[in-house]
Amino acid sequence: MDSVLDFHALRALLEWQMELGADEAIGDTPVNRYEVQAKPPEAAPALPMEAPGQREEGGAVAAARKAAGAACDLDALRAALGRYEHCELKRGARNLVFSDGVPGARVMIIGEAPGREEDRAGKPFVGQAGQFLDRMLAAIGLSRDRNVYITNVVPWRPPQNADPTREEIDMMRPFLERHVALAAPELLIVMGNISCQAVLDTRGITKLRGQWHEAWGRPVMPMFHPAYLLRAPSAKRETWADLLEVQARLRESA
Ligand code: URA
């Protein structure tokens, strides 16, 4: 009888956790990540005298700018992100997802945020969308093994794969800008609305895609996100045109 009760109690507990958004079993012993990492940030700059709502955002962005600006190479930037304590997403993530591919490549791709597979692997675009991205790149002779560098706007997985908030995007932007400067690609491909928001400060991928824009002194091509293309295959046609545009630009300047 006890074991029957245990079964029902355990099942109810599991269902409750799933309703709260738990979508994978990570270990037998629960870890309270807020407790583990609740150290006060080291050397956080003085917060500006602003309204309480603005205070943390201002301080977080200023701290990001300071930390990113002090990084003189990609390893230092990765380490600076590892020390940055203002972004709540870090608490729930398993790994920092910094980059993949070839630093210094002519093409740098900026995705949105890691999903479950990326969080586990500590690398961007390794799940289904990533495999599709690899096929898109291969179609124009590009590959992360040879000539593409990849990162995301946000280096930690948002819970339940939610879109990063404006505040999270704003605090990650200084790191992203520095990442681009240090990787020094010839051009950027930004995938999806979150990336457009972070790099171009605007959204509306349907209108933005297919046209060259400029950010941080480099040409930027917005494209549909590969995860969207998996859901809406009819948009692949436009993406193929965008990929050819990138290929043409690379050939022109080779
Ligand atoms: N989607 C993204 O935008 N980035 C990843 O790394 C994975 C999925």
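Residues in the range 85-117 that are more than 13 Å from the ligand (Cβ to nearest atom) and not in a loop (DSSP other than H, G, I, E, B): how many? The qualifying residues number 6.
The residue of the range 118-140 that is nearest to the ligand (Cβ to nearest atom), among those that are over 14 Å from the mean Cα position of the chain (by Cα) and open to solvent by less than 40 Å² (accessible area, probe 1.4 Å), is L133. Among the numbered conditions (1) hydroxyl-bearing (S, T, Y); (2) surrounded by 15 or more Cβ atoms within 10 Å (Cβ to Cβ); (3) more than 11 Å from the ligand (Cβ to nearest atom), the only one that S143 does not meet is (2).
Filter the range 159-172 down to residues that are of a type outside the set (D, E), within 16 Å of the ligand (Cβ to nearest atom) and buried (at least 17 other Cβ atoms within 10 Å of the Cβ), then give me how many there are. Give the derivation first.
Of all residues in the range 159-172, those of a type outside the set (D, E) come to 159-162, 164-166, 169, 171-172.
Next, from what is left, pick out any that are within 16 Å of the ligand (Cβ to nearest atom): 159-162, 164-165, 169, 172.
Next, only the ones that are buried (at least 17 other Cβ atoms within 10 Å of the Cβ) stay: 164, 169, 172.
Residues flagged as of a type outside the set (D, E), within 16 Å of the ligand (Cβ to nearest atom) and buried (at least 17 other Cβ atoms within 10 Å of the Cβ) within the range 159-172 amount to 3.
If you check A184, A215 for being at pLDDT 95 or above and out of contact with any helix residue (DSSP H, G or I) (no Cβ under 8 Å at 6 or more places or on another chain), only one passes: A184. Being among the basic types (K, R), away from the ligand (no atom under 12 Å from the Cβ) and closer than 17 Å to I169 by Cα narrows it down to one of R203, R218, so name that one. Checking each option against the conditions leaves just R203.
Scanning the range 146-158 for residues that are within 15 Å of the ligand (Cβ to nearest atom) and not polar (S, T, N, Q) gives V148, Y149, I150, V153, V154, P155, W156, R157, P158. The criterion of at least 3 residues that are closer than 16 Å to L137 by Cβ and open to solvent by less than 70 Å² (accessible area, probe 1.4 Å) is met by the following helices (runs of 4 or more DSSP H) wholly inside the range 185-253: 226-231, 236-252. Restricting the first member to the range 118-142 and to residues that are under 20 Å from A248 (Cβ atoms) and outside any loop (DSSP other than H, G, I, E, B), and the second to residues that are open to solvent by 20 Å² or more (accessible area, probe 1.4 Å) and at pLDDT 95 or above, the beta-carbon pairs closer than 7 Å and six or more apart or on different chains are L137/S143.
The values are calculated or read from the model by the stated rules, or taken from the named source; none is laboratory data. Source: prediction; values computed, not measured. So basically every Cβ, Gly included, is an ideal-geometry build from the backbone, and we count neighbours across all protein chains shown. Protein only, heavy atoms only, side chains kept; ligands, DNA and RNA dropped before computing areas. Shrake-Rupley method; radii C 1.70, N 1.55, O 1.52, S 1.80 Å.
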